[in-house]
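Structure first, then comments.
The values are calculated or read from the model by the stated rules, or taken from the named source; none is laboratory data. Keep in mind that this is a model prediction, so the values were computed, not measured. FYI the Cβ positions are ideal-geometry reconstructions off the backbone, even for glycines, and counts take in every protein chain you see. The accessibility values were calculated without ligands, DNA or RNA, using every heavy atom of the protein model including side chains. Shrake-Rupley method; radii C 1.70, N 1.55, O 1.52, S 1.80 Å.
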Amino acid sequence: MNFISTPIEGLKIIEPRIFTDDRGNFFESFSEKEMVANGIAGPFLQDNQSVSNKNVLRGLHFQNRPHEQGKLIRVVRGSVLDVVVDIRKNSKTFGRHYSIELNETEKKMLWIPAGFAHGFIALEDNTIFLYKVTDYYDPFSESGILYNDPELNIDWKTNSPIISQKDKILPTFKEFREKSA
C-alpha cells in the first residue's frame, strides 16, 4: 500500500497495490501492520456499509467525545465525491475542507482521523460505500454540520442533491463553533 499525505494533517490517501490478470484482480483492502506502520491507529471496532443512488448526499457527520470515530473509507462499487471538514479546534487547518473522488476502479481509500466532519455524494446509482470505524455508533454522540454551509463553500458537483430530512436541519459551521466554544 502507498500512503499519501494530504494538505490536512493526519488525513491520508491510501493506494492499494492491485494485481490484475485474466481472472480479474486482487488487492489487500486492510492490513493492520501497514496501517500502524503509517500512523493509522485502530483498533477498528465496527464496519458500516451504505448503498446510495446518484446524487444522494450523506453528511456532514461526526460523533462527539467520548465516542469520536476515526474512519477508513472506500468505495466497493460506483463512485463518490468524498468530503471532510477539519473540526479540530487546535488544528492549523480548522474549518478547511478536503475533497477527493473515490471509485471502484482505482480502489483508493481515505483515512479520516477523529476530529473531522465527513460526508459524500454518490456519483453513480447503486454506489456501495464501506467504512471501518474506531468506535461504535452512539446515537447520543452523533452530530453534524449543514452540507451547504456558505462559510465552508463546498462544491458538491450538483445542484440537486438528495438529502435526508435529518441532514437538512444540521447546524451551520458558525453554530457548531459557537456551541463548542
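Only protein atoms count toward the accessible area here, which uses a 1.4 Å probe; on the chain, the carbon and sulfur part of that area reaches 48 percent. If the chain linking residue 172 and residue 26 were pulled fully straight, counting 0.36 nm for each residue of separation and taking away their Cα-Cα distance, it would gain 48.4 nm. Note that the range 16-31 has calculated 3J(HN,Hα) couplings of x, 7, 9, 9, 10, 8, 5, 8, x, 8, 9, 7, 7, 8, 7, 9 Hz, one per residue in order, obtained from phi through the Karplus relation 6.51 cos²θ - 1.76 cosθ + 1.60 (θ = phi - 60°); glycine and proline are x.
Distance between the modelled labels on residue 143 and residue 93, one decimal in nanometres: 2.1 nm (7 Å Cα→Cβ projection). Rounded to the nearest 20, the size of the Cβ-charge dipole of the chain about its Cα centre is 340 debye, with Lys and Arg at +1 and Asp and Glu at -1. Taking the average, over residues, of other Cβ atoms within 10 Å as the packing measure, peptides 18-27, 31-40, 72-81 rank 72-81, 31-40, 18-27 from highest down.
Under 5 Å from the amide H of residue 6 lie the amide H atoms of 11, 13, each residue being 5 or more positions distant or on a separate chain, with H modelled from the backbone and absent for Pro and chain starts. The label-point distance for residue 1 and residue 47, in a model that sets each label 7 Å from Cα toward Cβ, rounds to 1.4 nm.
Amide H contacts under 5 Å for residue 77: 128, restricted to partners 5 or more places along the chain or on a different chain, H placed in the peptide plane at 1.01 Å from N. Over 13 Å, how big is the tail of the calculated P(r) for the range 65-143, in percent of all Cα pairs? Taking all Cα-Cα pairs of the range 65-143, the fraction more than 13 Å apart is 68 percent.
Considering helices alone, the calculated mean residue ellipticity of the chain at 222 nm is -2000 deg cm²/dmol, with DSSP H runs of length four and up weighted by -39500 (n - 2.57) and normalised per residue.
Per-residue 3J(HN,Hα) values for the range 134-145, derived from phi via the Karplus relation 6.51 cos²θ - 1.76 cosθ + 1.60 with θ = phi - 60°, read 8, 8, 6, 5, 10, x, 7, 9, 6, 7, x, 10 Hz in sequence order (x marks Gly and Pro).
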